[in-house]
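Contents: one structure, followed by commentary.
The values are calculated or read from the model by the stated rules, or taken from the named source; none is laboratory data. Nothing here was measured: the structure is a model prediction, and the numbers come from that model. Neighbour counts are summed over all protein chains in view; Cβ atoms, including those assigned to glycine, are modelled from backbone coordinates with ideal geometry.
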Amino acid sequence: MVALAVTERASTALARGAALDVEGVSHAFDIDGAVLPVLDDVSFSVKPGEFVALLGPSGCGKSTLLRLVAGLEAPRSGTLREDGDPITGPFPSRVVVFQDPTLFPWRTVWNNVALGLEAQGILKTQRHRVDAAIELVGLSGFRNAYPHQLSGGMAQRVALARALVNDPQLLILDEPLGKLDSLTRITMQAEIASLWQRSGFTTLLVTHDVEEAVFLANRVIVFSDRPARIKADIAVDSPYPRHRGDPKLSELRRNILGLLGLDATW
Amino acid sequence: MSIYSVPEAVGLPQSVEEGAAFAGRSLSLPRLSLFRLLPVNGSGVVASAAWAVFGLSCLWWEDRGDWSRTHEVAISAFVIAGIVLVTTLSGSLLGRFGAGLQKRAPWLLVLGLFLSLWEVATAKFGWLPLPFFPPPQAIVEVYTDDLPKLLDSAFASVKLQLGGYVIGAVAGFLTGVSIGWSRSVGYWVHPILRFIGPLPATAWLPIAFFTFPSSWSASTFLIALATGFPVTVLTWSGVASVSNAYYDVARTLGAKPSFLVLKVAIPAALPHVFVGLFMGLGSSFAVLVVAEMIGVKSGLGWYLQWAQGWAAYANMYAALIVMSLLCSGAITLLFRTRDRLLVWQKGVVKW
């Protein structure tokens, strides 16, 4: 299926967001000698400051695509470019928030958030950025707590702060809200939307929650089953802040569920 | 008092005064209440009585042997009985010391009874054969009359153990991190580890004693070997089992390989490392004692051997007690260090 629509330039684009180009990327895994293709000739471009959701059935290869964008792995073929430069390895301008918070259990909240600055050797002069990031996610009272003392939602907030403290140009969200309870998820969706609007970084969100995708993103890219191929590229042009009950969003949600073959129960 | 009609409340007096009033009347209460009352107040009194019994048991009958410290032991027992009694009666006035003693009162009671029984069974009626089972005063005599030699031995043991253990722990830790991190180091070191590691360090004794310039350096080597093997294996498995997700997170945040080793792999492996350090401590104690018994001319193991040669069984028990305190102290120290470094862990074993 071809793209339903083409997005116009995102209105919130600021200078700080990075552009991302994915050109003809294919990837596969070797599992006990057998080759398992996961991505099949995927190409798309993300403009600076855009919020793009990658939507697809579970296990279709979306998360693999994010690992390629993050530079944690190299694709079998095709290229990925950030602002025109090929992505060859991880770089702190592209930070990932994973499905599991993966906080380091031996570090306090403050030290977890400080991780990136410490790894880049700039913590000594930039300590205030850690405080600011913790403030931003509303956990100032917990800076000395250890991860096992936090709830799931708080841990994921810390993971978000740990990413944001690096001033990313491209924020990569790999189902970051997937394991949270539905109330916390709704709160955090709104927080992510407002953070993105204020900061202007480019955001790539992998999710299998259609409502989350249409609520947050300017653009929803729908993938097929594995090996993932782009099925549709849909613009979501409702202004922010959005409302979950917006009939336009409901309509869009229904269309997307249709693309995934799941509209029968709607 | 309404408490008498509410059995649940009997064991829990609301205040000190109430508790004291309770203790006075406890004998007229049914058995169950007396039993419930014991951990609170009564057991201190009974423990004091047990120590008084121990003191009396020393004086009541004539000793069957020639021991010079019987009177001193009896007096000490009465002093302890007095301290326990005073502390119990003054209740919370003595603060933490009083509270700690109250908590340990059941143990003090059992200890007093055990000492009395030991005294009677050895020094007074000889139910246990002498000289293999010396009475308490004989062991006290060792501490008062042979103290310098015992202290020298203890000091020599600590020195030998500490040197070997530190060398073994550091070497084991570095080896473990290297094999856990680098494939090529693992390729070369792993087979050697598998070949040599499981060998009990004591099996090297004969070779070590003639290849090393001194028995002291040979023993240090053996203790290091006994410590190093478990520390290496556990550190290695700790580093190898670190979740890849941690590395992914650190790498996307800009971490270099040195950061991944020092700030991710090692802290994540620390709980394993401490298990290795604990196991290494246990096996190195065994090597220490054997090495001292066989080759080194000092230390507690040597003292034991020497005491056996003179059939001085009281000295052996005295040395055993010192050894037990030192080993237990070393483990306590290790666990304290672990608790401090691993505060982030939930539910660690309290030693």
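Residues of the stretch B:67-87 that are over 27 Å from the mean Cα position of the chain (by Cα) and over 30 Å from B:P134 (Cβ atoms): B:V86 alone. Among the candidates A:T125, A:T88, the residue that is within 14 Å of chain B (Cβ to nearest Cβ) and loosely packed, with under 15 Cβ neighbours inside 10 Å is uniquely A:T88.
One line per residue, one yes/no per condition, for (1) farther than 18 Å from B:S43 by Cβ; (2) at pLDDT 90 or above; (3) not polar (S, T, N, Q):
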residue	(1), (2), (3)
B:D63	yes, no, yes
B:S68	yes, no, no
B:E72	yes, yes, yes
B:A81	no, yes, yes
B:T87	no, no, no
B:S92	no, no, no
B:R104	no, no, yes
B:W107	no, yes, yes
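Selection over the stretch A:1-55 of residues that are surrounded by fewer than 16 Cβ atoms within 10 Å (Cβ to Cβ), among the aliphatic types (A, V, I, L, M) and at pLDDT 80 or above gives a count of 4.
Only a single item in (1) within 29 Å of A:H27 (Cα to Cα); (2) within 14 Å of chain B (Cβ to nearest Cβ) is not met by A:T108, and it is number (1). Residues satisfying the criterion are present in the stretch A:189-202 (criterion: touching a residue at least 40 places away in the same chain (Cβ under 8 Å), in contact with a helix residue (DSSP H, G or I) (Cβ under 9 Å, 6 or more places away or on another chain), among the acidic types (D, E) and part of a helix (DSSP H, G or I)).
Per the listing B:T252, B:T332, the residue uniquely among the hydroxyl-bearing types (S, T, Y) and more than 14 Å from chain A (Cβ to nearest Cβ) is B:T332.
What tally of residues in the stretch A:65-82 results from selecting those that are free of Cβ contacts under 8 Å to residues at least 60 places away in the same chain and within 14 Å of chain B (Cβ to nearest Cβ)?
Narrowing the stretch A:65-82 to residues free of Cβ contacts under 8 Å to residues at least 60 places away in the same chain: A:67-68, A:71-79.
Cutting the leftovers down to within 14 Å of chain B (Cβ to nearest Cβ) gives us A:67-68, A:71-74.
Going through the stretch A:65-82 one residue at a time, the tally reaches 6.
The single residue among B:G295, B:G276 that is modelled with pLDDT under 90 and over 28 Å from A:Q120 (Cβ atoms) turns out to be B:G295.
Taking the stretch B:231-249, which residues are small (G, A, S), surrounded by fewer than 22 Cβ atoms within 10 Å (Cβ to Cβ) and more than 10 Å from every other protein chain (Cβ to nearest Cβ)? Walk me through how you get there before you give the answer.
In the first step, residues of the stretch B:231-249 are kept if they are small (G, A, S); the result is B:237-238, B:240-241, B:243, B:245.
From what's left, surrounded by fewer than 22 Cβ atoms within 10 Å (Cβ to Cβ): B:237, B:240-241, B:243, B:245.
Within the stretch B:231-249, B:S237, B:A240, B:S241 qualify.
Annotation for the stretch A:132-143: at least one member residue is modelled with pLDDT of 90 or more, within 22 Å of the chain's Cα centre (by Cα) and away from chain B (no Cβ under 13 Å). Filtering A:P90, A:P57, A:P48 for residues that are touching a residue at least 12 places away in the same chain (Cβ under 8 Å) and in contact with a helix residue (DSSP H, G or I) (Cβ under 8 Å, 6 or more places away or on another chain) leaves a single hit, A:P90. Counting only helices (runs of 4 or more DSSP H) that fall entirely inside the stretch B:51-162 and contain at least 1 residues that are in contact with a Gly (Cβ under 7 Å, 6 or more places away or on another chain) and not assigned by TED's automatic domain parsing to the domain that holds B:A286, the qualifying elements are B:70-89, B:95-103, B:105-119. The one condition from (1) in contact with a Phe, Trp or Tyr (Cβ under 8 Å, 6 or more places away or on another chain); (2) free of Cβ contacts under 8 Å to residues at least 24 places away in the same chain that A:G245 does not meet is (1).
For beta carbons closer than 8 Å, sequence separation of 6+ or different chains, a first residue in the stretch A:146-159 that is at the interface with chain B (Cβ under 9 Å from one of its Cβ atoms) and touching a residue at least 40 places away in the same chain (Cβ under 8 Å) and a second that is buried (at least 18 other Cβ atoms within 10 Å of the Cβ) and β-branched (V, I, T), the qualifying pairs are A:Y146/A:T108; A:Y146/A:V109; A:P147/A:V109; A:P147/A:V158; A:A159/A:V97; A:A159/A:T102. Among the conditions (1) within 14 Å of chain A (Cβ to nearest Cβ); (2) closer than 23 Å to B:V170 by Cα; (3) surrounded by fewer than 21 Cβ atoms within 10 Å (Cβ to Cβ); (4) in contact with a helix residue (DSSP H, G or I) (Cβ under 6 Å, 6 or more places away or on another chain), B:P257 misses just one, which is (4).
Are any of the residues in the stretch B:327-343 among the hydrophobic types (A, V, I, L, M, F, W, C), touching a Pro at 6+ places or on another chain (Cβ under 9 Å) and not in a helix (DSSP H, G or I)? Checked the stretch B:327-343: at least one residue is among the hydrophobic types (A, V, I, L, M, F, W, C), touching a Pro at 6+ places or on another chain (Cβ under 9 Å) and not in a helix (DSSP H, G or I). Among the numbered conditions (1) touching a Phe, Trp or Tyr at 6+ places or on another chain (Cβ under 7 Å); (2) at the interface with chain B (Cβ under 9 Å from one of its Cβ atoms), the only one that A:L103 does not meet is (1).
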